[in-house]
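So the structure is just underneath, and the comments pick up after that.
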Number of protein chains: 4
Amino acid sequence: MKKLEVGILGATGMVGQRFISLLEHHPWFEVKWLAASDRSAGKTYGEACNWRVRDAMPKSAAPLPVHECKPGSAPKLIFSSLDSKVAGEIEKEFAHAGHVVVSNSSNHRMDADVPLLIPDVNPDHLALVRAQRHERKWKGMIVTNPNCTTIGLVMSLAPIERQFGLAKVMMTSMQAVSGAGYPGVPTLDILGNIIPYIGGEEEKVERETRKLLGKLTDSRVEMGNFIVSAHCNRVPVEDGHTESISIALRTPAQAADIAAAWRKYRSRPQELELPSAPKHPVIVREEKDRPQVKFDVDSERGMATVVGRLRPCPVLEWKYTALSHNTIRGAAGAALLNAELMKADGYLD
Amino acid sequence: MKKLEVGILGATGMVGQRFISLLEHHPWFEVKWLAASDRSAGKTYGEACNWRVRDAMPKSAAPLPVHECKPGSAPKLIFSSLDSKVAGEIEKEFAHAGHVVVSNSSNHRMDADVPLLIPDVNPDHLALVRAQRHERKWKGMIVTNPNCTTIGLVMSLAPIERQFGLAKVMMTSMQAVSGAGYPGVPTLDILGNIIPYIGGEEEKVERETRKLLGKLTDSRVEMGNFIVSAHCNRVPVEDGHTESISIALRTPAQAADIAAAWRKYRSRPQELELPSAPKHPVIVREEKDRPQVKFDVDSERGMATVVGRLRPCPVLEWKYTALSHNTIRGAAGAALLNAELMKADGYLD
Amino acid sequence: MKKLEVGILGATGMVGQRFISLLEHHPWFEVKWLAASDRSAGKTYGEACNWRVRDAMPKSAAPLPVHECKPGSAPKLIFSSLDSKVAGEIEKEFAHAGHVVVSNSSNHRMDADVPLLIPDVNPDHLALVRAQRHERKWKGMIVTNPNCTTIGLVMSLAPIERQFGLAKVMMTSMQAVSGAGYPGVPTLDILGNIIPYIGGEEEKVERETRKLLGKLTDSRVEMGNFIVSAHCNRVPVEDGHTESISIALRTPAQAADIAAAWRKYRSRPQELELPSAPKHPVIVREEKDRPQVKFDVDSERGMATVVGRLRPCPVLEWKYTALSHNTIRGAAGAALLNAELMKADGYLD
Amino acid sequence: MKKLEVGILGATGMVGQRFISLLEHHPWFEVKWLAASDRSAGKTYGEACNWRVRDAMPKSAAPLPVHECKPGSAPKLIFSSLDSKVAGEIEKEFAHAGHVVVSNSSNHRMDADVPLLIPDVNPDHLALVRAQRHERKWKGMIVTNPNCTTIGLVMSLAPIERQFGLAKVMMTSMQAVSGAGYPGVPTLDILGNIIPYIGGEEEKVERETRKLLGKLTDSRVEMGNFIVSAHCNRVPVEDGHTESISIALRTPAQAADIAAAWRKYRSRPQELELPSAPKHPVIVREEKDRPQVKFDVDSERGMATVVGRLRPCPVLEWKYTALSHNTIRGAAGAALLNAELMKADGYLD
């Protein structure tokens, strides 16, 4: 089968690099077109990119020219990891020109007609694009994935919400520095330190979680009927967001019920055996001191969410810890899985 | 004025070292007697102790002999930072023999007749020792300070609880490695990592907080009428526990009311101008990204609790961040301030 | 082909864990027998071992019983990563009883009749065991690999020494904490710090380097005719020793000559295609700021030495940086490659 | 005595902030004028500066206006910590206009008529400014201090060079991130990593060391008659450059002679009792594992160089470790001490 050509907007950034790394031996997609800011345009990718991913830059990527962020020569399927300062307009321009924009940027996530998608959680929300294309008169479309902190939270909540219903969610994050991109967090700010603030992050977690776990009805998403509160902190960790989570349910559940809900949870990516799908979307660790970044962040090639320490919460009902790889499952891998679902469901034909 | 002689149980440990460092130029107390485990007994302190505090070991401490943990030659006032595996019996033995044991160990904190004391929060609880001495037929007494994670939480809660009443408290900690003593946390466990578990810590925070903010009535403490839930995490930080806190109140309050309650809060240590008392027990930072370990942990020589980021909590009512120095305010400094209050109130005459 | 059964002395330590991890899918060897200190003996490996390697413990290892460090039930081929406090006598006891002891411990490295072996450097030194067995009247034998800091140095020196001769070597190391085992270096000692001392390390590097690059003549090794000086430092890095090296040669060489000597260097492990042999024993990075732990430590599954920054040294002649994985190439992988060479050369028949 | 007004070029950078912090309670100097890049000019210092020093910004600094880097309103004495991209021309412009520019920038350090000055090492070099003013027809002058890595090296070498003469110096540095300014080194580059390259640093150390230890003859400096080789590495440390040093001498010396030379070393800043002078320019630690950043970097308020581990070097003659605070002794404190010497010697009248 001939692979589908894909382009990347924001190819030189941290998430752009992850896209290129994850796509290196992808069975369906092939990177053929790269674009970045004017500063990089006109150079080859090898010249323009300060490669920061541990695995070496794929040999095929280095000679590719870096284009301006303009449609035209670009292939139909476009991954976007543009800075949110510019992503809004550029993504619309590409969608208008007929491209399928699978975006990691935050700009359009909360647009009523744009799917905010986790294939393991709300694959049906993809249907929103019909309204989107109709209303906006676009030949293309925009599909988004959530913020890197939201995604681990929602992956761990979805099996619970489906079975018992959620009333309240309290989440405190300890977020890795790679979430801030490159150069991102200065060493002088975080070595031996904790920064109890990440601009806009708490608001994103609080609203995105409710859209993701909301119901699609009549071409719109009814926000999930529960309350979310987030405390977001930056910690001296390279990759992997750890989250301390407390929840109150709508229906009583025992610890064993919740653990079983996590363990048996499967969704469309698993049914379709999508190439980037984790076999176990949620992995439950039994050890008293897990999940830990050091041991668990790369579980299922960084695509699983790992949970542990489920125990009663005196204030809400249950508390536990979740861990998710923020630049794989929380960014490039999330968008890639979105594109795989779209391909499987015929949106890229 | 002649200084009062003091002894230290567990003098070679991290908290023991902090006692010696804080007492170096103390106006009221003078270190004259040191004791530690059998392994150290018989050596001089300079030989026995692997000094880990940044400030150099006081010259006067090095030649002091290290005794076994037996009363007899020890002075009346004894600070204890013994390991909880042995502290229980040894502290009782000293109290029985007539010593005033001011302990940082966890063993007796929840005993009904033992004060669990923060002079800035519940100085009246000290009166519990009358019942203690009566019932136990001791010539001496035991007074304790809370766990290092509890203390920052309670210092930040006390001004709010006094004025508005507390209903619910949710706390997620990011705790420094010095809280685990020395050698404590292996580098291989925490460099670039987060450990979402500290044995027994969550239980201590949940019960100590309610005793500290409880009411003394008829020689016993009625536990505070509110619920506490704690998530405790270890992070790669040397000194300073950062806490993400959400609270629900009994009486409505505006953000400005809470900030004012923190700012104007003063208690007996400030009235008595105790030598180790912070002038401002709670310091409120206005910056959006504070408190931070790097800038704030040494505020008021490590004796203040620093708070910031007060904002509404969608699940409870308010949320904020607190920071406290875990081996000063959370351990040696806490016990020292307890002893200062006891001296000022005539318990050491 | 039936795999050869192997045993591990010191199986619960950091290097013992690496042995088990590296041997998991080994084509020639199979772990069948484990031994450790009396504290662990009698338990299963899963119970006794605090597993610290990022990859999960092999399923086959968990149920194996942990034996005392006594020969008898042990298979012929034994890997030893015992603490040097006990390794000396135990290894001799096993060799005397007929076992082939392939040891990572330092005790016998400098014994005149014990091979100190890097298969990529001095495979001929293995012949020393003939004298060893003859003189000691052993049915078995002891073969050792060098210290973790020595090995990266010598791998980078060998191609140069072969071609141009060495006169002087100056090496300053920046060593990872995993070199100190587990629990090893306390976080309080190294977070944000440098420790300019590692007991015995400089002496080991200075003498082992000369034995490794010495000539085998008449069943003894004539020490290499050059001088070595080592400065050893501990740094807050998990795995990977970085070394700043200056050298003076016996024959003049250009930078291009040295780089070519590194690039084309191959030795017996490459000729024999031993399972753990790196294809390129020495990898030369051209970037101005490499090798770096982050990007290069796992090169060739941690078995290659990575060099870079070759430039003139005003004091000696040339200077460069070398990097080597200290618990793989510098310990368990080193011993494993030794055993593979011994198997290929008929020492295990 | 009325304090002398001073200005700071590059006031918002890391070294500029250190100037302001060190000058807060200075007995001779008072900060009255601040300048920075066009981006900051026009704001108050409090608005323009992202303050990163642990001690809080002095209250007196916050309301000061930030000027453009133009002479005119500036006081006579100017400290410069400008980026080397712009420092060259701006400093000349100020000197030409009559200002005494005490610079931490690298641009003019090697100019034949510009003193490269460490008051504890080569106070007589200050006399170079006579030739400078004469030849350049300047009413003002430029005086410089060395690179942050050079200064600790030279402080430790000076007592040895004076007494025994130096032939060869080999230095490998492990440099803190604060040396790269702010934002400086991205966390993703250095957390758990070592970077074996700092642009231009090795060349600076090699040439500045020889100028500093050179002899002033006939209004020029004859470079020191010894060879220097530097390896420079970046490590995950906040403040404090650690250096592994080997030396060969011109006259034989015993270890005790060298230690005595260090201990008794005093120079003009000590004789003159300059306000920022360390009482002991070189502190010798006897412990086998010192100096360490954690314990020693703030010795004498960051103005002393701390040495230890003196032992024979097989390749040269002696080897030892030195530690120096890179933004105090190595930058702002260095320039401040230069200005104090100039004031004491009448250059500011």
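Overview of results
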{"quantity": "Efficiency of FRET between B:Arg39 and C:Arg301 - r from beta-carbon atoms, R0 45 angstrom, step 0.05", "calculated": "0.55"}
{"quantity": "Residue-averaged [θ]222 nm for chain B, counting only DSSP H segments that reach four residues, each worth -39500 (n - 2.57)", "calculated": "-8000 deg cm²/dmol"}
{"quantity": "Nearest-ten-degree value, helix B:255-264 long axis tilted from longest Cα axis of chain B", "calculated": "30"}
{"quantity": "Over 23 Å between alpha carbons, listed pairs B:Lys215/B:Lys279; A:Lys168/B:Lys319; C:Lys294/D:Lys168; C:Lys43/C:Lys343; B:Lys32/D:Lys294; A:Lys168/A:Lys343", "calculated": "B:Lys215/B:Lys279; C:Lys294/D:Lys168; C:Lys43/C:Lys343; B:Lys32/D:Lys294; A:Lys168/A:Lys343"}
{"quantity": "Sorted peptide list for D:158-167, B:325-334, criterion being average Cβ within 10 angstrom, highest first", "calculated": "B:325-334, D:158-167"}
{"quantity": "Label point 7 Å beyond Cα along the C-beta direction, distances from A:His25 to other copies (nm, shortest first)", "calculated": "1.1, 6.4, 6.5"}
{"quantity": "Label geometry 7 Å along the beta-carbon vector: C:Glu68 inter-copy distances in nm", "calculated": "3.3, 8.1, 8.6"}
{"quantity": "Cα gyration tensor shape of the protein assembly as shown, rounded if a/c is under 1.5, else prolate or oblate by comparing a/b with b/c", "calculated": "rounded"}
{"quantity": "Sparsely packed trypsin sites (Lys or Arg not before Pro) within the stretch A:1-49, loop by DSSP, other Cβ within 10 Å at most 10", "calculated": "A:Lys2, A:Arg39"}
{"quantity": "Chain D, closest residue to the rotation axis toward C, by beta-carbon, whole angstrom", "calculated": "D:Thr172, 2"}
{"quantity": "Highest-first arrangement of C:80-90, C:55-65, where packing means the average Cβ count within 10 Å", "calculated": "C:80-90, C:55-65"}
{"quantity": "Mean separation of Cα contacts under 8 Å (6+ apart) over length of the stretch D:42-82, as relative contact order %", "calculated": "47"}
{"quantity": "Within 10 Å of each Cβ in C:98-104, the average number of Cβ atoms from other chains", "calculated": "0"}
{"quantity": "Inter-part distance where the stretch D:33-78 and the stretch A:206-257 are each reduced to a Cα centre, Å", "calculated": "45"}
{"quantity": "Anisotropy class of the stretch C:231-309 from Cα gyration tensor, a/c 1.5 cut", "calculated": "oblate"}
{"quantity": "Residues of the stretch C:183-198 with amide N under 17 Å of the 7 Å Cα→Cβ point at D:Arg311", "calculated": "C:195-198"}
{"quantity": "DSSP beta bridges in the stretch A:148-325 [antiparallel fraction, %, rounded to 5]", "calculated": "70"}
{"quantity": "Cα-based shape type of the stretch C:148-326, given that a ≥ b ≥ c are square roots of the gyration tensor eigenvalues and the cut on a/c is 1.5", "calculated": "rounded"}
{"quantity": "Partner aspartates and glutamates for D:Lys76 [C-alpha distance under 17 Å; skip if fewer than 8 residues away on the same chain]", "calculated": "D:Glu5, D:Glu30, D:Glu68, D:Glu91, D:Glu93, D:Glu340, D:Asp345, D:Asp349"}
{"quantity": "The stretch C:59-217, dipole about Cα centre (Lys/Arg Cβ +1, Asp/Glu Cβ -1), debye to the nearest 20", "calculated": "560"}
{"quantity": "Considering only chain C, percent of DSSP beta bridges that pair antiparallel, nearest 5", "calculated": "45"}
{"quantity": "Selection from C:Thr44, C:Leu23, C:His241, by position along the positive dipole direction of chain C (Cβ)", "calculated": "C:Leu23"}
{"quantity": "Relative contact order of the stretch D:95-234, pairs being alpha-carbon contacts under 8 Å that are 6 or more residues apart, as %", "calculated": "29"}
{"quantity": "DSSP-defined antiparallel bridges as percent of all bridges, the protein assembly as shown, nearest 5", "calculated": "45"}
{"quantity": "Between helix A:333-344 and chain A: long-axis angle, C-alpha atoms, 0 to 90°, nearest 10", "calculated": "70"}
{"quantity": "Test item: A:47-55 mean partner chain Cβ contacts at 10 Å", "calculated": "2"}
{"quantity": "Residue of D:Gly13, D:Gly42, D:Gly224 that the Gaussian network model of chain D assigns the largest fluctuation, springs spanning Cα pairs under 10 Å", "calculated": "D:Gly42"}
{"quantity": "About the Cα centre, charge dipole magnitude for chain B (Lys/Arg +1, Asp/Glu -1 at Cβ), debye", "calculated": "340"}
{"quantity": "Shielding by partners - mean other protein chain Cβ count within 10 Å, residues of A:227-239", "calculated": "6"}
{"quantity": "Crossing angle, helix D:201-212 versus chain D [Cα axis fit, 0-90 degrees, rounded to tens]", "calculated": "90"}
{"quantity": "Cα-centre dipole for the stretch C:148-326 with unit charges at Cβ (Lys and Arg positive, Asp and Glu negative), debye to 20", "calculated": "500"}
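Here, each number is a calculation from the coordinates, and none is a lab measurement. What you see is a predicted model; the values in this text were computed from it and never measured. FYI the Cβ positions are ideal-geometry reconstructions off the backbone, even for glycines, and counts take in every protein chain you see.
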